[in-house]
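Notes for the one structure printed next.
Just so it is clear, none of the values below were taken in a lab; they were calculated from the coordinates. Since the model is a prediction, treat every value here as computed from it, not as a measurement. Because the Cβ atoms are built from the backbone with ideal geometry, glycine has one as well, and the counts that use them run over all protein chains shown.
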Amino acid sequence: MSIPNAPVAIVTGSSRGIGRAIALELAAAGHAVVVNYVSRPGAAEEVVRQIQAAGGQAVAVAGSVADADARQRLVDSAVATFGRLDLLVNNAGVTSPGRKDLLEATEASWDEVFSINLKGAFFLSQLTAQRMISLREAGVTSSGVIVNISSVSAFAASRNRADYCMAKAAMQMMTWLLADRLAEYGIRAYEVCPGVIASDMTAPVQEKYDQLIADGLSPIRRWGEPEDVAKAVAALASERFSFSTGDRIHVDGGYHIRRL
């Protein structure tokens, strides 16, 4: 069987924000991209049009990663449309609904956040890994990469977003487990931790973070941009880190550095 030329990436939640930037960056680097969305078909199709206008390949596929059928459809669509699957970027996520205090947090919020941010990412990774292994055994591909988009909330406590923080913290262990289990098949796994990034998620607290950044929240005193995260993902998707797996990459302006 001949190997299709362009590597293929699934980017969940890629109709806007960080996911959109990742999809465009990967396309510029030569990937065919599955642009996943839930409720914004027009925005997803616009990402597809931008990629195609630049000479790339892309397709929009609807579905929430919290839904098992949608996860299967994502993987099947990637292979059916482009003939292979080389990269999964688990970017889809929601913040804690209502940002309730720890003592007022609800089970409904917990279930929503964990089902999308953690369960969905884990089981989509499982499906993707199984397909990557079968494609490798068939001689279609020789390696694969899974990138989990986490957050500085994985290690910085926010008392009004307990479910979000805990789900993101669990992503580090998920990344380690994937890295350990899949290395024998040539599949690498990474975690990317964005800091304060300008996006729809941070728009409601822009004024708060403007002041924190000005006061030295991180050594690099500016907002992060979705493109900052996208560049890191594109680098990890390349063969530049072929002897690394399980790593956490901080894209946070140095926020993670403990300072006195």
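In table form, for the structure just shown:
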| item | result |
| --- | --- |
| Given charges at beta-carbon only (K, R positive; D, E negative), |dipole| of the chain in Debye | 300 debye |
| Of Ala230, Asn90, Leu135, farthest towards positive along the dipole that unit charges on Lys, Arg, Asp, Glu beta carbons give the chain | Ala230 |
| Projected label distance in nm at Ser39 and Arg159, using a 7 Å step from Cα toward the beta-carbon | 3.0 nm |
| Footprinting exposure proxy for Leu236, Leu102 (fewest neighbouring C-beta atoms within 10 Å first) | Leu102, Leu236 |
| Selection from Leu177, Leu217, Gln206, by position along the positive dipole direction of the range 175-237 (Cβ) | Leu177 |
| Tilt relative to the chain, helix 17-28 - C-alpha long axis, 0 to 90 degrees, to 10 | 30 degrees |
| Entry for Rg and Dmax of the Cα atoms in Å (calculated from the structure that is shown) out of (i) 17.0, 50; (ii) 17.8, 58; (iii) 20.9, 63 | (ii) |
| Asp215/Ser115 FRET efficiency (R0 30 Å; Cβ-Cβ; nearest 0.05) | 0.25 |
| Pairwise label distance in nanometres, Trp176 with Ala203, each label 7 Å out on the Cα-Cβ vector | 3.7 nm |
| Scattering profile of the range 122-221 at q = 0.11, 0.16 Å⁻¹ [log10 I(q)/I(0), Debye over alpha-carbon scatterers] | -0.47, -0.77 |
| Rounded to 10°, Cα long-axis angle of helix 41-53 versus longest principal axis of the chain | 60 degrees |
| Using alpha-carbon coordinates, inclination of helix 162-182 to the longest axis of the chain, degrees | 30 degrees |
| Computed [θ] at 222 nm, helices only, for the chain once each DSSP H run of length n ≥ 4 contributes -39500 (n - 2.57) | -13000 deg cm²/dmol |
| Rel. contact order, % - alpha carbon contacts under 8 angstrom, at least six apart, the range 8-250 | 20 percent |
